[in-house]
1. Of the residues in segment 92-127, how many are at pLDDT 90 or above, open to solvent by less than 30 Å² (accessible area, probe 1.4 Å) and in a loop (DSSP other than H, G, I, E, B)?
2. Could you please find all residues in segment 130-154 being loosely packed, with under 15 Cβ neighbours inside 10 Å and at pLDDT below 95?
3. Here is a list of conditions, (1) at pLDDT below 85; (2) in the same structural domain as Leu384 (by the TED database), and Asp237 meets all of them except one; can you say which number that is?
4. Among the residues of segment 308-344, what is the count of those that are modelled with pLDDT under 95 and out of contact with any helix residue (DSSP H, G or I) (no Cβ under 9 Å at 6 or more places or on another chain)?
5. Restricting to segment 185-214, count the residues that are open to solvent by less than 40 Å² (accessible area, probe 1.4 Å), part of a helix (DSSP H, G or I) and touching a Phe, Trp or Tyr at 6+ places or on another chain (Cβ under 9 Å).
6. I'd like the full set of residues that are open to solvent by 60 Å² or more (accessible area, probe 1.4 Å) and either modelled with pLDDT of 95 or more or over 30 Å from Pro206 (Cβ atoms) (or both), limited to segment 380-399.
7. Which of (1) closer than 18 Å to Phe314 by Cα; (2) among the charged types (D, E, K, R); (3) free of Cβ contacts under 8 Å to residues at least 12 places away in the same chain does Asp169 not meet, given it meets every other one?
8. Could you please tell me which pairs satisfy a Cβ distance under 6 Å, a separation of 6+ or placement on different chains, a first residue in segment 391-417 that is free of Cβ contacts under 8 Å to residues at least 12 places away in the same chain, and a second residue that is open to solvent by less than 40 Å² (accessible area, probe 1.4 Å) and of a type outside the set (Ser, Thr, Tyr)?
Amino acid sequence: KMVHTKELLSFTETSKEFLLLLSSTITQLKNSGISDFKNVDFSPFKSYLKDPLVLNTSLMLVLSLLCWINSLATDNFSQVDRLWSILPFVYMFTFAHTEILKVMFRYIPFFPTFYHKFSDTTLFPSETILSSRPIDCRLIVMTLLVTFWSCRLTYNFYRKGGYRSTYEDYRWVDVRKLFNPFVFQIFNLVFIALIQQILLLYICTPAYLAYLSAQSILNNELHSDGSNIKCTWTVVDTIATIGMSLTLLFEAIADQQQWNFHAKKHAFVLKSNNADKEGMQSDGSSSSIAVADGDVKRGFLTHGLFRFSRHPNFFCEISNWYFFFLFSIGALHSLYSPFAASASSQGVSLSHVLKCVLEDGLWFNWTLAGAISLNSLFLGSTWLTEKISSSKYPAYAKYQRTTSRLWPWIPGPALRD
């Protein structure tokens, strides 16, 4: 099976040229001094920054450095956690900016005037493109899905206090115990600050293939047989849209069920503490004790979606990005299938798409590594979470024996209250 790596090789070559240009500019600044900053010619950068993957990679590297520096300054290692739900939205917007601008240009009354006055045509598409060229529906749908994912996850993180300066994920405390201080700082630089940032960009790269497909259509490029490249919405795109919409919905339900449980648990602890204070006898005993039952007594949630999976929100989060990857197959189908153009006007059947996907190897492209890497990260995170839960809650071992770890499955006997 043929694996399509042309885009990755092209990006690698572009990145080398960009880094050489950046290096020469830094050397120029070093030799002439910061005072000569205004005389430095930055115009060559514009041609490279027009490639959204180069732009996003540059942003990712800068943010990795800033997160690492901030973690050293504050001794807090949740810097990337605060960006986790925001950066994919930023990357997605960069990949889909032309299609988003088309929508805004045509459907927001004041936007054309604003765009005409302030846009830089060396970086942004012309008004002719925005007003007359077709809108790529695949990129718009991908943007909407990622936007919903980002808003919901950001809100969930916010209400848990994640954006307070003192917040730090409780798991980092246990991770620190696995290393000596020096080794942990290497782990902080390589994994926490850099690899996690690379992962956040990589899970969004199916949108880069969709961007390349849209640009090929915009530039009137041709297939190998001379036919025009056209945007073809495939059955795989439909499966990706429905699948990701469902996993986003179930992830929201799981997070809400967990939020409700922790609110109930917190209220019980508060009530119990107040009862102890109010009912304290002269001998130090308590005459009024708040009574917990069910999951609150056990300390962890076993009802709702958590009856069928110990981590349904983790399962849904992993699934989101596998479904998102499927959009890359539709994009490559438009780019590489010689008969995609003839099929686009008639609609694309499942058998037609499967023929392209299996014979041309479109199912196995380099963007799949993002979803696989996220899956691996969550497996490690799940192991650590369960290790902590098992040490805190005696009944958790029985929950592990009766309930599937990630995949929703028929559960065993319910835990007794």
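1. Result for segment 92-127: 1.
2. Ser131, Ser132, Pro134, Cys137
3. The number of the failed condition is (1).
4. 2
5. 12
6. Let us first name the residues in segment 380-399 that are open to solvent by 60 Å² or more (accessible area, probe 1.4 Å), namely 383, 387, 391-392, 394, 398.
Passing the criteria: Lys387, Ser391, Lys392, Pro394, Lys398.
7. (3)
8. Close Cβ pairs (under 6 Å, with a partner that is open to solvent by less than 40 Å² (accessible area, probe 1.4 Å) and of a type outside the set (Ser, Thr, Tyr)) do not exist here.
The values are calculated or read from the model by the stated rules, or taken from the named source; none is laboratory data. From a predicted model like this one, the values you see are computed outputs, not experimental measurements. When we count neighbours, we look across all protein chains shown, and the Cβ atoms used for this are built from the backbone with ideal geometry, even at glycine. For accessibility, only protein heavy atoms count, side chains too; no ligands or nucleic acids. Shrake-Rupley method; radii C 1.70, N 1.55, O 1.52, S 1.80 Å.
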